[in-house]
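Notes follow the structure.
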Amino acid sequence: MNKFDLAVIGSGPGGYVAAIRGAQRGLNTVIIEKEHIGGICLNWGCIPTKAIIRSVNALRDISSAEELGIEVDGFRVNMPRIVARSRAVADRLTKGVAFLLKKHGVTVIEGYARLDGNSQIIIEKYDQSREMIKATHIIIATGARSKALPHIPIDGKDVISSREALEMDKLPGSMAVMGAGAIGIEFAYIYKHLGVNVTVIEALDSLLPNEDAEISKELHKQFKKQKIKALISTKVMKMEKGNEGITLSLEGPKGESELKVDMLLSAVGVMPNSEDIGLETAGVKTERGFIEINENQETNIKGIYAIGDVAGTPCLAHKASKEGLIVIDHIQGKDVKPLNKNHIPGCTYCEPQVASVGLREQDVLEADMDYEVSKVHYRAIGKAVASGHIDGFMKLIVDSKTKNILGAHCIGAEATELIAELTLAVTQGMSVYELAETIHAHPTLSELIMETAENALGEAIHV
């Protein structure tokens with residue numbers, strides 16, 4: 001039986017980061033992957049989705065090129081090539097991760113892993129053989145998969161998940177997107193601008209329900225301008241399939257209605273991959289399927305850790321990676337800073353982009369905190385006007401007494417890039433004084449950060 005210092009089950013952005021960091025620190029490390037190196041993120045999530053969005057944004061730029069003095073004739077959408085490029089991008093990055101694992105001396109085993117007690121793992125390989133290994137420390141990084149509502153099962157044809165959506169090289173005439181979280185919003189944006197008649201259906205009272213309410217309201221407004229129909233506070237009660245597509249029975253603020261579409265994309269969330277991996281053999285506890293962990297990512301069983309989607313929300317790649325690094329520090333006895341979920345940025349890559357970190361305005365209201373809001377629109381920034389990206393705004397939630405930044409929220413061009421500086425500010429407990437004093441290059445969109453900080457101090461120049 002092969003013995004390792006560290007065994008990682010799952011090679012997504014949590015698993016492979018933990019494995020590489022463990023190997024860098026001198027741990028004899030093995031990683032077990034049942035499908036593709038890189039997990040859902042690299043293969044069927046973050047990366048291929050952004051590759052397709054790049055194609056969509058290029059299409060929109062071409063369509064509006066005349067406004068910039070460029071006349072374009074004869075372009076068309078080649079969906080098979082768009083999908084092929086996205087798959088090639090995913091394949092390139094997957095091979096890159098495999099190279100890094102090899103470079104750092106991580107043993108890679110392809111197969112399905114199950115715990116066998118608290119230190120052994122049984123691996124069922126593709127050739128039907130079985131291998132048993134032993135590890136001093138085990139990290140479970142098995143991720144999550146698309147969740148389906150009981151009355152609306154995913155069949156991969158008429159009702160699809162995000163995975164099928166990423167391989168769809170023939171476009172339907174119409175599509176309903178059920179769920180207005182980041183995944184649903186991104187696909188609604190993608191397919192609308194590829195020529196599909198899209199309707200978003202959300203049971204809660206806003207698009208992107210986890211975002212600041214004012215940001216969600218602005219996104220709804222922008223989607224309306226883009227002719228993306230959005231039905232909020234609306235539930236899908238029943239689905240009927242017919243020869244001419246799908247009929248959805250809806251219940252919303254105005255009562256019952258029907259919606260007929262060619263296809264339904266289910267984006268109602270994810271469920272953790274925690275079943276059938278031998279947790280019961282070691283006595284590892286779960287709650288609603290998610291593995292219970294402490295501040296060090298350790299389960300109730302010493303030496304067994306869980307990271308990423310299987311360890312709880314938010315289900316984000318960068319959260320998984322950070323958790324993997326926390327585990328390695330803990331294993332090596334280093335002083336560990338527990339993950340603060342208020343310091344995890346969230347990003348949605350539609351246009352306009354949405355990004356946020358820290359507390360929302362509704363959070364500070366509920367906590368009865370003494371706060372102020374500073375908001376500046378993109379149209380106040382020279383680079384935004386020059387580039388034609390004037391929609392949206394930045395919003396800072398500021399402690400009234402200390403002027404520290406409690407939360408930052410942005411909707412607009414490159415919001416997902418701008419959020420990095422604001423994440424640093426929130427994480428390090430910075431104030432608007434420090435942001436306002438920091439020189440930002442001109443002309444850049446990042447000046448929006450400085451301007452919003454100055455505005456919080458009543459000294460904005462361009463507002």
Residue-span extension gain [Arg92 to His343] - 0.36 nm each, minus C-alpha spacing:
87.3 nm
Expected output is a single nm value to one decimal: the length gained when fully extending between Val108 and Asp5, i.e. 0.36 nm times separation in residues minus the C-alpha distance. What is it?
35.7 nm
What's the FRET efficiency of Met79 with Asp363 using the Cβ-Cβ distance as r and R₀ = 35 Å, to the nearest 0.05?
0.30
Loop-resident GluC sites (Glu not before Pro) in the stretch 358-463 with no more than 16 other Cβ atoms inside 10 Å, DSSP not H/G/I/E/B, are Glu459
Calculated from the structure, mean projected area of the Cα convex hull in nm² equals which of (i) 22.8; (ii) 20.3; (iii) 25.0?
(iii)
Treat every Asp and Glu Cβ in the stretch 159-268 as -1 and every Lys and Arg Cβ as +1, leave all other atoms uncharged, and give the resulting dipole magnitude about the Cα centre to the nearest 20 debye.
320 debye
Output ordering of 212-218, 166-172, 65-71 (per-residue mean of other Cβ within 10 Å, highest first) is 212-218, 166-172, 65-71
Show me, for the stretch 170-175, the HN-Hα J-couplings you get by feeding each phi into the Karplus relation (A = 6.51, B = -1.76, C = 1.60, θ = phi - 60°), rounded to Hz, glycine and proline as x.
10, 8, x, x, 9, 8
Taking Val200, Val336 and counting other C-beta atoms within 10 Å, the order from fewest to most:
Val336, Val200
Of all stretches in the chain that avoid chymotrypsin sites (Phe, Trp or Tyr not before Pro) placed in a DSSP loop and having at most 12 other Cβ atoms within 10 Å, the longest is 127-463
So, in nm, how far is label Lys334 from label Asn294 when the simple model puts each one 7 Å beyond its Cα toward the Cβ?
2.0 nm
Pseudo-spin-label distance Leu100 to Glu372, built 7 Å along Cα→Cβ, given in nm, is 4.2 nm
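Just so you know, all these numbers are worked out from the coordinates, no wet-lab data involved. From a predicted model like this one, the values you see are computed outputs, not experimental measurements. As a convention, Cβ positions derive from the backbone with ideal geometry for all residues, glycine included, and neighbour counts pool all protein chains shown.
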